[in-house]
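Reviewing the structure listed below.
What follows is calculated from the coordinates using simple rules that are stated; it is not laboratory data. Values in this document were obtained by computation on a predicted structure and should not be read as measured data. Every residue, glycine among them, receives a Cβ derived from its backbone with ideal geometry; neighbour counts consider all protein chains shown.
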Amino acid sequence: MRGSLTPLENGKGLPFVPVRNFLVYDVASSRVRGEHAHRKCEQFLVAARGGVSVVVDDGRSRAEVRLTDPSVGLYLAPMVWGIQYKFDRDSLLLVMASRPYEADDYIRDYDEFRELVNR
């Protein structure tokens, strides 16, 4: 009757304290986001509204997860390739990150990522 509430408390329920948070929205269903890995940054993704599919790839295996419940999130460790796609029309993706934006932390080339993972 009063709706739902999902608490987000710093230092609780995540393996890191979020330093940077951002929202991804107004993404057409045919578009793809992500397509990178981080060297050090950890992330936690929550579909705050609607749904989005996420591909996670550790360089050895790949899986797809569909996020549709705002009380459930997906942890992306460093050195995991992430792709977000199949955004619902009204989707709102909340991303919590363990580090500030650092351009050098991004690995945007999949071949380079695979090479680093296999070292």
Original post:
Sequence-distant or interchain residues sharing an amide H contact under 5 Å with E35, placed H: which?
Top reply: G82, I83, Q84
Subject >> Cβ-defined net charge surrounding A47, 15 Å radius [Lys, Arg +1; Asp, Glu -1] >> reply: 0
Original post:
Between G73, G51, G34, which gets the highest mean-square fluctuation from a Gaussian network model of the chain, Cα cutoff 10 Å?
Top reply: G34
**OP:** Please find, in a Gaussian network model of the chain (springs between Cα atoms separated by less than 10 Å), the residue of E35, E64, E102 whose mean-square fluctuation is greatest.
**Re:** E102
Original post:
Each residue of segment 82-97 in order: what ³J(HN,Hα) in whole Hz does its phi give by Karplus 6.51 cos²θ - 1.76 cosθ + 1.60, θ = phi - 60°, with x for Gly and Pro?
Top reply: x, 10, 10, 7, 6, 5, 5, 4, 9, 5, 9, 9, 9, 10, 10, 10
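Less than 15 Å Cβ to Cβ from S71, Lys/Arg counted +1 and Asp/Glu -1: what total charge do the surrounding residues give?
On the way: positive: K12, R49, R66; negative: E9, D69.
Once all neighbours under 15 Å are counted, the net charge is +1.
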Original post:
With a sphere of radius 10 Å drawn around the Cβ of Y110, what net charge do the other residues whose Cβ falls strictly inside it have (Lys, Arg +1; Asp, Glu -1)?
Top reply: -4
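Given contacts defined as C-alpha pairs under 8 Å and at least six residues apart, what's the relative contact order of segment 20-117, whole-number percent?
Working: 242 pairs, mean separation 42.4, N = 98.
Once divided by the residue count of segment 20-117, the mean separation gives 43 percent.
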Original post:
What spacing in nm lies between the two simple spin-label points modelled at T68 and Y25, each 7 Å away from Cα in the Cβ direction?
Top reply: 2.1 nm
**OP:** In square nanometres and to one decimal, what's the mean projected area of the convex hull around the Cα atoms of the chain?
**Re:** 8.1 nm²
**OP:** For the chain, set up a Gaussian network in which alpha carbons nearer than 10 Å are linked by springs, and say which option among K86, K12, K40 fluctuates the most.
**Re:** K12
